[in-house]
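Asks: For reference, the structure I am asking about is given below.
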Amino acid sequence: MVENQQLQAVISMPSGVFKPYAGVSTAVLIFMKTDAGGTKDVWFYDMKADGFSLDDKRSEIAENDIPDIIKRFKAIEEETERKRTEQSFMVPVEEIRQNDYDLSINKYKKTEYVPVEYEPTVVILQKIKDIEVQIQKELAELEIMLKAEDESTS
């Protein structure tokens, strides 16, 4: 399809979109039949939600990427400058060839890792100890209440 037709877009859908029938993740391929190739860049979109929950019930929810997909696809020429860390981006056909025509969005999407600062270990350990003291105190109070209740019913 990449070489013989014009592959325009790959829309990666989350697992559960077709539940309860199938729980696997799916991708929609949009292409124009040319029988002469013509694929230059392929637009990838990482769909997170389709307006319904991803469980077996498929209840309606507020999150829905479909309007954004339609809007962006209609203005696909504006997508060329988007970064690969964003929800949609373009990939040159040459890069797809180099990846043996793998159309998985995870092959091309980049993840930004944000460093997380944790409190020093001694501070965390002290917090755990404080919680343990509180638990022991409340257990002792509960035990006194239970003994008082047992004595009043005897």
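The values are calculated or read from the model by the stated rules, or taken from the named source; none is laboratory data. Note that the coordinates shown come from a computational prediction; the quantities given were computed from them, not determined experimentally. All Cβ positions, even for glycine, are placed from backbone atoms using ideal geometry, and neighbour counts span all protein chains on display.
Asks: Read through the list (1) within 26 Å of residue 7 (Cβ to Cβ); (2) not in a loop (DSSP other than H, G, I, E, B), then give the number of the only condition that residue 122 fails.
Replies: All conditions pass for residue 122, except number (1).
Asks: Let me ask another. Collect the residues in segment 44-65 that are more than 21 Å from residue 103 (Cα to Cα) and surrounded by 15 or more Cβ atoms within 10 Å (Cβ to Cβ), keeping them in residue-number order.
Replies: Listed by number, the residues that qualify are 52, 53, 54, 58, 64.
Asks: Still on this structure, please answer the following. Name the pairs whose Cβ atoms lie under 6 Å apart, with the first residue in segment 96-123 and within 30 Å of residue 38 (Cα to Cα), the second of a type in the set (A, V, I, L, M) and modelled with pLDDT of 95 or more, and 6 or more positions between them or separate chains?
Replies: So the pair list comes out as 103/10; 108/91.
Asks: While we're on this one: Do you know which residues across segment 42-56 are in contact with a Ser or Thr (Cβ under 7 Å, 6 or more places away or on another chain) and modelled with pLDDT of 95 or more?
Replies: 43, 44, 45, 46, 47, listed by residue number.
Asks: If you take the residues of segment 16-27 that are touching a residue at least 12 places away in the same chain (Cβ under 8 Å) and out of contact with any helix residue (DSSP H, G or I) (no Cβ under 9 Å at 6 or more places or on another chain), which of them is surrounded by the fewest Cβ atoms within 10 Å (Cβ to Cβ)?
Replies: 20
Asks: How many of the residues making up segment 25-41 are touching a Ser or Thr at 6+ places or on another chain (Cβ under 6 Å) and hydrophobic (A, V, I, L, M, F, W, C)?
Replies: 1
Asks: Is it true that residue 59 is modelled with pLDDT of 95 or more and small (Gly, Ala, Ser)?
Replies: Spelling it out, it is not the case that residue 59 is modelled with pLDDT of 95 or more and small (Gly, Ala, Ser).
Asks: Of 68, 100, 41, 35, which residue is surrounded by 16 or more Cβ atoms within 10 Å (Cβ to Cβ) and closer than 25 Å to residue 2 by Cα?
Replies: The unique qualifying residue is 41.
Asks: Determine which single condition residue 111 fails, assuming it passes every other condition in (1) part of a helix (DSSP H, G or I); (2) under 30 Å from the mean Cα position of the chain (by Cα).
Replies: Here residue 111 clears every test but (1).
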